[in-house]
Amino acid sequence: MCGIYAAYRQQDVEAFKGKALQNSKRIRHRGPDWSGNIIQNSTILCHERLAIVGLDSGAQPITSSDGRFSLAVNGEIYNHIHLRNEFKDYHFKSLSDCEPIIPLFQKYGVDAPKYLDGMFAWVLYDRDEDRIVAARDPIGITTLYMGKSSKNPQTRYFASELKCLIDECDEIFAFPPGHVYDSNTDEITRYFQPTWWDGSKVPTKNVDYKEVRESLELAVRKRLMAEVPYGVLLSGGLDSSLIASIAARESQKAAASISKDGVDANKELSGVDDKGSLHSSGFNALHSFAIGLPGAPDLIAAEKVAHFIGTIHHSHTFTLEEGLDALDDVIFNLETYDVTTIRASTPMYLLSRKIKAQGVKMVLSGEGSDEIFGGYLYFANAPSASEFHQECVQRVKNLHYADCLRANKSTMAWGLEARVPFLDKNFLEVCMNINPEDKLIKPSEGKIEKYILRKAFDTSDDPDAKPYLPKEILYRQKEQFSDGVGYSWIDGLKDAAEAAVTDEELANPKPHWGDDIPTTKEAYWYRCKFDQQFPNSEAAASTVMRWIPKAEWGCHADPSGRYATIHEQKVDHE
């Protein structure tokens, strides 16, 4: 991951360069390792680099050997070895996993993103045609914003975070995931067209547990592509625990293979081949990281998992006061006023700082599973299987407003990269095409939320198989991250908001908020903090979507899982 900023057809671009560099500097936390820029015609591309792959030769912007194409990328391309093999006649200048985007674009044009397997946001400039093309990964794991200015209507701005655009643009929007922009048409079109995209088409294929398990294992294997120390975020919940367990297995396999074959991994190109075989350097014991208030349920569960899978575990605590003190910084870095996102982002933001201080630059995380499998407790209220499926599809489509945004910006605030295996394209294709009847929460049948994912990794029927997780973790009930770090965290936020916002203020929202009116003092408090951070708050606010449960299903207005009627309901899994 890195940070990118671009201004296309900027008036007097040479004079604007100083301002562009200042705008880019606002996201230097995303790329603390190096900075670069290039001007061609009236366009400038800026890049703040976080070095994960191609450490010695991956500086950006990347240019083609003839100087025609310039490229700035924020992301990781997992199939870059395959792409390099496809373009053997292309003169590659580095070992960067991102450089194959240039020959890919030369061959396929705006269809190029279809052939990428990874998480990415990029802008590519064609000097000869004075053309810029921008693209974002299918689900929006990597953040990207686009802006326009009424003062310079021909100019188009792009940035990893909206804070880079706030001074220049009076129109800012989150660049839609799975889309590509082409200045030749000045249009954004969707390139990502999976079979499951239309939520009204309910799949009928029953779950294949082996397919679910193997596709997730491959997704994790791909994401261990790195030349730097990495680890796993481990909350002790099902999702992060499964990712940690698989990562521990894969790391151990890779280390054993390197030791057996005598391979000098430092001389190999990091990445994965077509079969998902791992190539990387420096395989030591896997480190895992957890955070919570003292005595939090997540901390207890995470330690149990770490001991079981054999990671070197780091358990961190924070106080309520430390969390409250960080709120302004969290809102500035997350660029949102959504209640759910802020609640969950604050502990993750604090943990990311501690992880980076321990020398780790990349972590695996468990975002996406709840959307794919209907794991939030309110899904138990779904009136039918078809509505359950439609809600899953919509939640996946909106991930870039919520959990993807949280995972990306909470970690990148400290120059730490988060990778999310559950959002692998192939894994999504498998699991979003499962008959929703198999996903339904049915406590009377022993089927709690995400039952099919749990069952896919349940080896209790095979006495020769090594268990992935302790059974009490494999079947641990869902705790949303903001709950699992300690119930007093949300209670403390509500108490602080109650003290900060009067009844009169809540009853009289700010006129510029329009119809987006906070209904609680906590939401009101966050919106005020957001406005203070972003003076052009109307343009900035247009990029925010609030995460709320499905009201028409009779769900509680508060997004905390504690308010779901099924919370703490005991289910026998024997």
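Output yes when any residue across region 408-427 is farther than 28 Å from Glu227 by Cα, at pLDDT 95 or above, under 18 Å from the mean Cα position of the chain (by Cα) and part of a loop (DSSP other than H, G, I, E, B), and no when none is. The answer is no, given that none of the residues of region 408-427 is farther than 28 Å from Glu227 by Cα, at pLDDT 95 or above, under 18 Å from the mean Cα position of the chain (by Cα) and part of a loop (DSSP other than H, G, I, E, B).
Ile473 fulfils the conditions (1) within 18 Å of Leu242 (Cα to Cα); (2) outside any helix (DSSP H, G or I) except for a single criterion, (2). Out of the residues in region 85-97 meeting the condition of being assigned to a loop (DSSP other than H, G, I, E, B) and among the charged types (D, E, K, R), tell me which one is surrounded by the fewest Cβ atoms within 10 Å (Cβ to Cβ). My answer is Asp89. Condition (residue is in contact (Cβ under 8 Å) with a residue 40 or more places away in the chain, out of contact with any strand residue (DSSP E or B) (no Cβ under 9 Å at 6 or more places or on another chain), surrounded by fewer than 24 Cβ atoms within 10 Å (Cβ to Cβ) and on the phi > 0 side of the Ramachandran plot) applied to region 387-399: is it met by at least one residue? No, region 387-399 contains no residue that is in contact (Cβ under 8 Å) with a residue 40 or more places away in the chain, out of contact with any strand residue (DSSP E or B) (no Cβ under 9 Å at 6 or more places or on another chain), surrounded by fewer than 24 Cβ atoms within 10 Å (Cβ to Cβ) and on the phi > 0 side of the Ramachandran plot. For region 504-550, the set of residues classified as crowded, with 16+ Cβ neighbours inside 10 Å and either among the hydroxyl-bearing types (Ser, Thr, Tyr) or on the phi > 0 side of the Ramachandran plot (or both) consists of Thr520, Tyr524, Tyr526, Ser537, Thr543, listed by residue number.
Among the candidates Ser200, Ser235, Ser240, which residue alone is polar (S, T, N, Q), part of a loop (DSSP other than H, G, I, E, B) and assigned by TED's automatic domain parsing to the domain that holds Leu416?
Ser235
When Glu217 is tested against (1) touching a residue at least 12 places away in the same chain (Cβ under 8 Å); (2) in a loop (DSSP other than H, G, I, E, B), just one condition goes unmet, and that condition is (2).
Among residues of region 102-126 being more than 21 Å from Gly147 (Cα to Cα) and among the acidic types (Asp, Glu), the one that is surrounded by the fewest Cβ atoms within 10 Å (Cβ to Cβ) is Asp111.
Yes/no matrix, rows are residues, columns are (1) without any contact (Cβ under 8 Å) to a residue 12 or more places away in the chain; (2) under 30 Å from Tyr451 (Cα atoms); (3) not β-branched (Val, Ile, Thr):
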position	(1), (2), (3)
Asp137	no, yes, yes
Glu161	no, no, yes
Ile188	no, no, no
Lys201	yes, yes, yes
Leu238	no, yes, yes
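In the set (1) in a helix (DSSP H, G or I); (2) not assigned by TED's automatic domain parsing to the domain that holds Ser96; (3) not polar (S, T, N, Q), Lys163 fails one condition alone, (2). Considering only region 308-333, state which residues are in a loop (DSSP other than H, G, I, E, B) and more than 30 Å from Ile246 (Cα to Cα). Listed by number, the residues that qualify are Thr319, Ala326.
Filtering Leu416, Leu440, Leu351 for residues that are out of contact with any Pro (no Cβ under 9 Å at 6 or more places or on another chain) and surrounded by fewer than 22 Cβ atoms within 10 Å (Cβ to Cβ) leaves a single hit, Leu440. Applying the criterion of being among the hydrophobic types (A, V, I, L, M, F, W, C) and part of a loop (DSSP other than H, G, I, E, B) to the residues of region 428-443, the residue that is nearest to Lys222 (Cα to Cα) is Met432. Quick check on region 180-189. Is at least one of its residues polar (S, T, N, Q) and closer than 19 Å to Gly374 by Cα? No, region 180-189 contains no residue that is polar (S, T, N, Q) and closer than 19 Å to Gly374 by Cα.
Of everything in region 222-239 that is more than 25 Å from Asp56 (Cβ to Cβ), at pLDDT 95 or above and in contact with a strand residue (DSSP E or B) (Cβ under 7 Å, 6 or more places away or on another chain), the residue that is surrounded by the most Cβ atoms within 10 Å (Cβ to Cβ) is Leu234. Go over the candidates Asp186, Asp182, Asp167 one by one and state the one that is at positive phi and of a type in the set (D, E, K, R). After applying the criteria, what remains is Asp186. Restricting the search to helices (runs of 4 or more DSSP H) fully inside region 495-548 and requiring at least 3 residues that are closer than 17 Å to Leu334 by Cβ gives 521-533, 537-541. Select from region 443-474 the residues that are aliphatic (A, V, I, L, M) and more than 18 Å from Ile309 (Cβ to Cβ) and write down the one among them that is surrounded by the fewest Cβ atoms within 10 Å (Cβ to Cβ). Ranking the qualifying residues of region 443-474, first place goes to Ile452. Every condition in (1) on the phi > 0 side of the Ramachandran plot; (2) modelled with pLDDT of 95 or more; (3) within 28 Å of the chain's Cα centre (by Cα) is met by Gly75 except one, and the failing one is (2).
Residues that are under 24 Å from Ser410 (Cα atoms) and among the β-branched types (Val, Ile, Thr) do occur in region 25-32. Tallying residues that are surrounded by fewer than 19 Cβ atoms within 10 Å (Cβ to Cβ), within 18 Å of Arg156 (Cβ to Cβ) and among the aliphatic types (A, V, I, L, M) within region 8-38 yields 1. Check region 58-70 and report whether any residue there is free of Cβ contacts under 8 Å to residues at least 24 places away in the same chain, in the same structural domain as Tyr181 (by TED's automatic domain parsing), in contact with a Pro (Cβ under 9 Å, 6 or more places away or on another chain) and not β-branched (Val, Ile, Thr). For region 58-70, residues free of Cβ contacts under 8 Å to residues at least 24 places away in the same chain, in the same structural domain as Tyr181 (by TED's automatic domain parsing), in contact with a Pro (Cβ under 9 Å, 6 or more places away or on another chain) and not β-branched (Val, Ile, Thr): absent. For region 103-115, the count of residues that are assigned to a loop (DSSP other than H, G, I, E, B), touching a strand residue (DSSP E or B) at 6+ places or on another chain (Cβ under 9 Å) and at negative phi is zero.
The values are calculated or read from the model by the stated rules, or taken from the named source; none is laboratory data. What you see is a predicted model; the values in this text were computed from it and never measured. Cβ sites come from the backbone with ideal geometry, for glycine too, and all protein chains shown count toward neighbours.
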